[in-house]
Every structure is written in C-alpha cells, then in structure tokens.
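Student: Here it is, the structure, as structure tokens.
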Amino acid sequence: MTFPPDLISRLRATPKLVALTGAGVSQESGLRTFRDSQTGLWAQYRPEDLASPQAFARDPKLVWDWYAWRREAVKGARPNAGHYALAEMANHIPEFTLITQNVDGLHHMAGNQNLLELHGNIQRVRCTNCYTLAEAWDDDTESVPRCAVCSGLLRPDVVWFGESLPRAQLEAAVEAARACEVFLSIGTSGVVQPAASLAHAARDCGALLVEINLDPTPLTSKANYFFQGKSGEILPELVKVVWDVS
Ligand code: OAD
C-alpha cells in the first residue's frame, strides 16, 4: 500500500493525534465484530435481548451467561499487529490519545497507556446496587454472582443500549477530539453514538481525518484519506513508512 507524502509528513510532525477504534481492530485477534453481515454478533443476536438494562432486569442469567461466553473468547485472544502498531505510534507522538469502543482490553495488553475505554471492559463487573467494581467474583454458582459488599446482583461493567457512557471518559474523548490535528478512525462502522460523533467533532475543529476499514462507512465521504483493508496489515505498514520502525 502506498501512503501519500502529505499524510506521511503530517503524521511525522503532529503533536496531537487521536485514534478511535472499533471491533474491526480486534477481528484479526479472532473476536467477532457486531455488524458484519454473516459473522457479526448482531447478525445472530438481538441487542435488546442481551445488551440492555431491560434485558438484564428480565433475565439476568441469560445476559450474564452471554457475557461469560464472550469473556471466555476474550480471555483466549491476544493483541494483533494492528494493536501493536498503535502502541508503537504512541511512542512517536507527544499527545497520543487512544479511544476505543472495544471492551476486550487488547489495547491495554498491547501496551497503550493513554487509553479511554468508552464502552467499559468485559473483564470487570460492577454491582447493580452499590456500584462497587470488581475484577474477581465467585463464578461457582448456578445463578448470577453477587456483590461481596452488599449482595446486590453483579453485572458486566460495559455500556448497554440506552445507558450513558462513563462521563469522565467521554469528556476526555471529546476534548481530545477537538484538540487533535489528526484523527484516525479504525475498524469501526461509525454508527453508534456518541463515539461516532467524535470524528465529526475533530473534523469540524480542523483535524485531518483518516479512516482505515475493510469497507466504506458513513464516515468515508468525510475522510481526507480512506485506506481500505485490514487494520492489522495497514497500521504496521503505516508506522513503518512514517517512523521507519517495524
Ligand atoms: P461494528 O461491528 O459495527 O463495525 C466493525 C467495523 O470493522 C466494520 O465497519 C467492518 O467493516 C470493520 N472491520 C472488520 N474487520 C476489520 C479489519 N480486520 N480491519 C479493519 N476493519 C475491519 O463494530 P463497532 O463499530 O465497534 O457497543 O461497533 C460500535 C459499538 O456497537 C460496539 O462498541 C458495541 C456495538 O453495539 C456496545 O456494546 C455498547
């Protein structure tokens, strides 16, 4: 793949860059996306049956078990070349903010520090009653595990449909998007708000918009550059060309 010289020099010189990632970035780690027509999770399951407060109220065990199944897949997954390329990129840009919609923790595992997890993390749970967070719980029960502090029902610490995003993370993401010079949108269909609006906010504030995706998205016509293909292949090539590292 060839990258335009203008883009290469902008990336070399930029002091502030934001990368927003979605499920496509983890696809090459063996994790399923949401909206791919054949293999996406939402092709097989209805979000309102599994990823909403109403679904949990109706059938907590069903929802808990679905997340337990996804958690098992995440446990076996490792970062791919795209995750590592983003971690390497962070070494070359003074203010590098990585914003992810992914709940799999793979960016953290790849070594990224300045990371905003907008939709939570599937490896964590929180109490539905007292909000205590936990990374370990008693899974040895037939029913949904309960909070060690108040015995309330535990739930995954992820954002469900109809819920607000963690406020501090969202505010930091908006601020970073408005201040950056380059905004990368990678492996996301760009249809879920408010994450999808970050690219537009960056563009409105003058940032260069770069998209990497297997397929065009609603953002593509607004992007200054669109690179079609796998993020696990394009990102390492880009990092190598721009900073001469692999
Ligand atoms: P989607 O499943 O909506 O989109 C994944 C995107 O990744 C698609 O545009 C694919 O074309 C692209 N893609 C797939 N494989 C790729 C690869 N190897 N390299 C590059 N691109 C690839 O996932 P998200 O945009 O992350 O929210 O979905 C956003 C949110 O919707 C999720 O965080 C989740 C979901 O409902 C919650 O659960 C709150």
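Student: Surrounded by fewer than 20 Cβ atoms within 10 Å (Cβ to Cβ), on the phi > 0 side of the Ramachandran plot and either in contact with a strand residue (DSSP E or B) (Cβ under 9 Å, 6 or more places away or on another chain) or not small (Gly, Ala, Ser) (or both): is that true of Asp138 in this structure?
Tutor: no
Student: Right, another one. If you go through the stretch 216-246 one residue at a time, how many are at pLDDT below 95 and in a strand (DSSP E or B)?
Tutor: The total comes to 0.
Student: Out of the stretch 4-30, which residues are open to solvent by 20 Å² or more (accessible area, probe 1.4 Å) and either of a type in the set (Ser, Thr, Tyr) or more than 10 Å from the ligand (Cβ to nearest atom) (or both)?
Tutor: Scanning the stretch 4-30 gives Pro4, Pro5, Asp6, Ile8, Ser9, Arg10, Arg12, Ala13, Pro15, Lys16, Ser29, Gly30.
Student: For Leu133, are the conditions met, namely being surrounded by fewer than 19 Cβ atoms within 10 Å (Cβ to Cβ), over 23 Å from Gly232 (Cα atoms), hydrophobic (A, V, I, L, M, F, W, C) and within 16 Å of the ligand (Cβ to nearest atom)?
Tutor: no
Student: What pairs come out if I take residues in the stretch 61-77 that are touching a residue at least 24 places away in the same chain (Cβ under 8 Å) and pair them with residues that are crowded, with 17+ Cβ neighbours inside 10 Å and charged (D, E, K, R) whose C-beta lies under 6 Å away, six or more apart or interchain?
Tutor: Correct list of pairs: Val74/Asp104.
Student: Starting from residues that are touching a residue at least 40 places away in the same chain (Cβ under 8 Å) and open to solvent by 20 Å² or more (accessible area, probe 1.4 Å), keep the ones in the stretch 230-246 and report whichever is nearest to Thr21 (Cα to Cα).
Tutor: Among them, the one singled out is Lys230.
Student: Does Leu116 count as out of contact with any Cys (no Cβ under 7 Å at 6 or more places or on another chain), crowded, with 18+ Cβ neighbours inside 10 Å, at pLDDT 95 or above and not in a helix (DSSP H, G or I)?
Tutor: yes
Student: Another question about this same structure. Considering each of Arg71, Arg35 in turn, give the residue that is near the ligand (Cβ under 10 Å from one of its atoms) and surrounded by 13 or more Cβ atoms within 10 Å (Cβ to Cβ).
Tutor: None of the other options fit; the residue is Arg35.
Student: If we only count strands (runs of 3 or more DSSP E) wholly inside the stretch 124-215, which ones have 1 or more residues that are closer than 16 Å to Ala57 by Cα, of a type outside the set (A, V, I, L, M, F, W, C) and free of Cβ contacts under 8 Å to residues at least 40 places away in the same chain?
Tutor: Answer list for the stretch 124-215: 154-158.
Student: Okay, moving on. Answer yes if at least one residue in the stretch 172-186 is open to solvent by less than 10 Å² (accessible area, probe 1.4 Å), more than 30 Å from Tyr131 (Cβ to Cβ) and among the aromatic types (Phe, Trp, Tyr), and no otherwise.
Tutor: Yes, that holds for at least one residue.
The values are calculated or read from the model by the stated rules, or taken from the named source; none is laboratory data. Since the structure is predicted, the reported quantities are computational estimates derived from the model, not experimental observations. Glycine gets a Cβ as well: all are built from the backbone with ideal geometry, and neighbour counts include every protein chain shown. With ligands, DNA and RNA removed, areas are computed over all heavy atoms of the protein, side chains included. Shrake-Rupley method; radii C 1.70, N 1.55, O 1.52, S 1.80 Å.
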